[in-house]
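Accompanying notes for the structure given below.
The values are calculated or read from the model by the stated rules, or taken from the named source; none is laboratory data. As the structure is a computational prediction, the values presented were derived from the model and not from experiment. Every residue, glycine among them, receives a Cβ derived from its backbone with ideal geometry; neighbour counts consider all protein chains shown. The accessibility values were calculated without ligands, DNA or RNA, using every heavy atom of the protein model including side chains. Shrake-Rupley method; radii C 1.70, N 1.55, O 1.52, S 1.80 Å.
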Amino acid sequence: MKSIADYVALEPEFYQSILDHYQSLFADQIDLNTEKSLQSIVIFATGSSANAAYGARPLMSKILKIPVYIEDPSMAANYLHYNDANTLYFAISQGGESYSTIHLVEQFIKKNLTIYTLTSNSNSPIYNISNHVLSMGMPVEEMPYVSAGYSVIILDLMLIALIIGQKTGCLDKQQFESYLKQIQDVTTSLPQVILQSQSWVNHHLRKFNHAKRVIFIGYGATYGVAREGETKFTETVRNTAFGKELEEYMHGPYLGLHPDDYIIFIEPKGLLEARAVALKTFLNRYVKQVITLYAQHSHSITEHDLNFDIHCDELLTSLFMTIPIHLLSYQLSQLKGHNLEKSTYPEFDEITKSKIKRVTV
């Protein structure tokens, strides 16, 4: 079975393949019969899929000039009502076996509502029940703790937004091609990002092995990266981790900080950078380990930080800034002796039916 590191190494290949085939993957599949009246997008997802959606959401909203909502499938299916002809609905399940997402899609179909399902598994229950399937553009990820699949969803959603923007007239040809070129430039930079990330992880791995709690802080597109940090660190390292939006952390959670916390800022060099600098100034008085992952060059970088020096729209930084976090989580899990190919609690799915292999329609 391929490891998380193996799948991270495949991300440049996956990205390029999707860029080469985005028209057949998405443009030819999405039918916008509400072209001039599209008023919102709702994305249903859990776990890493939801984290990826948060990473793509700011760019999607900017391009389409409409709100983009991310909802929990269980809450939506059991307690909320959706039936808006001017809303475009998406459900994401990478492996296609998420009970709550399958249940939600079934409800949409029973009500004759259109919902597009994004998955990588053409043999999955969600694929079999869906009327409108979008392929993620990559093979099924063997490793249960996804990395490349998370990143690919961000790229997929961004390209879907570009396609919708082009179809609805929100983007002209020049704007469309400008975004596409920036995404291509990021894709071309991925091998170097992986090398830099690996070097940073190697240098700091032993230090993180002593961390009792890690807090990831992001904003804008990197809020999704912070959330994924919490998810992946908890799943693989099996240690306490939190992923917070910048202002969210400043409104209450900071009061629970400990001197031995490891706090990682994911800095896209964007609109809220000054706010992040102010928070770091405060935290440095009380916490020994305050680390920043920078998308672009910074004059205040320390020996503990990582600087990718990639110049792109801040809303595209989620395409690459999770790489060091995925590699750190994986290598730290190996240092601690965790076997990620075996379930820690094999009876969990048997009892909860959180993942299902077959659906009766």
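Within the bounds of segment 24-36, is there any residue that is modelled with pLDDT of 95 or more and open to solvent by 60 Å² or more (accessible area, probe 1.4 Å)? Yes, there is a match, as at least one residue in segment 24-36 is modelled with pLDDT of 95 or more and open to solvent by 60 Å² or more (accessible area, probe 1.4 Å). Within segment 59-99, the set of residues being touching a residue at least 60 places away in the same chain (Cβ under 8 Å), more than 30 Å from residue 270 (Cβ to Cβ) and open to solvent by less than 50 Å² (accessible area, probe 1.4 Å) comprises 95, 97, 98. Selection of segment 145-185 for residues being modelled with pLDDT under 95 and among the aromatic types (Phe, Trp, Tyr) yields only 145. Taken together, the residues in segment 221-258 that are in contact with a His (Cβ under 9 Å, 6 or more places away or on another chain) and either open to solvent by 60 Å² or more (accessible area, probe 1.4 Å) or acidic (Asp, Glu) (or both) amount to 2. When the criteria are applied in full, residue 183 meets the requirement of being open to solvent by less than 40 Å² (accessible area, probe 1.4 Å), part of a helix (DSSP H, G or I) and under 24 Å from residue 162 (Cα atoms). The residue of segment 259-298 that is nearest to residue 196 (Cα to Cα), among those that are open to solvent by 70 Å² or more (accessible area, probe 1.4 Å) and modelled with pLDDT under 95, is 297.
Starting from segment 292-314, keep only residues that are part of a loop (DSSP other than H, G, I, E, B), then list their pairs with residues that are open to solvent by 20 Å² or more (accessible area, probe 1.4 Å) and among the acidic types (Asp, Glu) whose Cβ atoms are within a distance under 6 Å, requiring at least 6 positions of separation or different chains. Pairs found: 297/309. Residues that are touching a residue at least 40 places away in the same chain (Cβ under 8 Å), under 22 Å from residue 53 (Cα atoms), among the polar types (S, T, N, Q) and touching a Phe, Trp or Tyr at 6+ places or on another chain (Cβ under 9 Å): does segment 224-246 have at least one? Within segment 224-246, one or more residues are touching a residue at least 40 places away in the same chain (Cβ under 8 Å), under 22 Å from residue 53 (Cα atoms), among the polar types (S, T, N, Q) and touching a Phe, Trp or Tyr at 6+ places or on another chain (Cβ under 9 Å). Looking only at segment 211-236, residues that are of a type in the set (Val, Ile, Thr) and under 15 Å from residue 333 (Cβ atoms) come to 4 in all. Filtered by the rule that a residue be farther than 25 Å from residue 235 by Cβ, of a type in the set (A, V, I, L, M) and either in a loop (DSSP other than H, G, I, E, B) or at pLDDT below 95 (or both), segment 130-144 gives no residues. Please verify whether residue 220 is within 19 Å of the chain's Cα centre (by Cα), closer than 30 Å to residue 37 by Cβ and touching a residue at least 60 places away in the same chain (Cβ under 8 Å), treating the condition exactly as stated. Yes: the conditions hold for residue 220. Inspect all residues belonging to segment 153-169 and state whether any of them is open to solvent by 10 Å² or more (accessible area, probe 1.4 Å) and more than 16 Å from residue 25 (Cβ to Cβ). Yes, some residue in segment 153-169 is open to solvent by 10 Å² or more (accessible area, probe 1.4 Å) and more than 16 Å from residue 25 (Cβ to Cβ). For residue 172, work out the one condition from (1) under 30 Å from residue 30 (Cβ atoms); (2) among the acidic types (Asp, Glu); (3) in contact (Cβ under 8 Å) with a residue 60 or more places away in the chain; (4) surrounded by fewer than 24 Cβ atoms within 10 Å (Cβ to Cβ) it doesn't fulfil. Among (1) under 30 Å from residue 30 (Cβ atoms); (2) among the acidic types (Asp, Glu); (3) in contact (Cβ under 8 Å) with a residue 60 or more places away in the chain; (4) surrounded by fewer than 24 Cβ atoms within 10 Å (Cβ to Cβ), residue 172 violates only (3). When the residues of segment 306-359 are filtered to those that are loosely packed, with under 13 Cβ neighbours inside 10 Å and β-branched (Val, Ile, Thr), the one that is farthest from the chain's Cα centre (by Cα) is 351.
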